[in-house]
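To start, the structure under review is shown below, and the notes come after it.
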Amino acid sequence: MSKSKAVAPAPDIEGLIAARPEREQPAIRASIKRFKERPKRPVAKINWEPDGAMNVRAADGGDVFHTLQIADALGSNSPAFTDAMMGDLASILGGSSGGITDRDYNAALAVLSAVQPQNEMEALLAGQMLAANKGAMDSMRMATKADWMNQKSAGGNLANKFMRTFVMQMEALAKLRRGGEQIVKHVHVYEGGQAVVAGTINQHGGGSGAKDGERCLEAIEAGRIGASAEMPCPLAQGNSLSGAGREREAPVSMPWRHEPRPAEGE
């Protein structure tokens with residue numbers, strides 16, 4: 001006669017919270033509420049066949065719905081794409097041992113579910129982001145555990161490249177989702193103000209635009225100061241870049257400027 005396995009009683013959550021300091025209890029309850037509201041990620045169990053093949057099953061035995069969840073996490077209804085994609089990720093994330101653990105496999109599924117790819121192209125980018133993150137973490141681990149400076153430098157440089165690649169992949173995914181449209185921001189500048197946009201200065205209340213301002217500055221540097229009608233120059237008219245329409249200020253004495261000393265007897 002087989003004995004049934006005893007099921008551990010559920011913990012008394014309220015009792016555990018009440019045992020904590022009173023000032024911590026609201027934050028704990030808020031954390032529990034957010035945790036319950038988050039969507040549940042698919043959880044898999046990996047079985048390795050004698051020939052080395054990887055066999056993935058749902059951790060709770062619901063294989064039909066588990067397959068559906070993985071397909072949804074990859075934004076695809078193609079079993080061939082799903083198998084190929086997860087096989088590649090298992091090979092990469094498994095490291096030099098070649099065998100991925102349940103933990104790493106389920107972590108990858110959680111990330112893919114969070115990205116929510118809408119098609120196979122977005123799923124490929126999400127998979128590349130996982131691979132880049134794996135490379136960055138491995139390289140940083142190598143750098144922190146190295147004993148020699150050249151090894152630390154090599155690991156740090158690799159980690160930096162992987163991290164930059166990860167950011168570029170995120171930007172590519174965002175661009176793909178918005179259809180390649182470019183976001184243009186409008187900057188409003190009112191009277192007496194200035195705005196620096198893309199390396200130019202827009203001034204309101206004086207002058208005739210950024211191009212005239214640039215030509216004016218070039219003329220001042222070359223010694224051709226003037227306020228002709230062909231080239232209006234707000235600086236020559238007493239206007240400064242920090243405020244248009246300002247009256248010409250009195251010359252500022254420069255005590256550090258040394259004049260030539262007159263010769264004796266003059």
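Data table
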{"quantity": "Cross-chain or 6+ apart pairs with Cβ under 6 Å, the stretch 155-168 first and farther than 12 Å from M129 by Cβ, then among the aliphatic types (A, V, I, L, M) and part of a helix (DSSP H, G or I)", "calculated": "G155/M142; G155/A143; G156/A143; A159/A136; A159/M140"}
{"quantity": "Some residue of the stretch 3-10 being of a type in the set (D, E, K, R) and at pLDDT below 80", "calculated": "yes"}
{"quantity": "Candidates L125, L130, filtered to the one that is more than 20 Å from I100 (Cβ to Cβ) and either among the aliphatic types (A, V, I, L, M) or touching a residue at least 24 places away in the same chain (Cβ under 8 Å) (or both)", "calculated": "L125"}
{"quantity": "L93 being modelled with pLDDT under 90 and closer than 15 Å to A131 by Cβ", "calculated": "yes"}
{"quantity": "Filter pass, R141 being loosely packed, with under 13 Cβ neighbours inside 10 Å, under 21 Å from N47 (Cβ atoms) and more than 16 Å from the chain's Cα centre (by Cα)", "calculated": "no"}
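The values are calculated or read from the model by the stated rules, or taken from the named source; none is laboratory data. Everything numeric in this text was worked out from a predicted model, so none of it was measured. We place every Cβ from the backbone using ideal geometry, glycine too, and count neighbours over all the protein chains shown.
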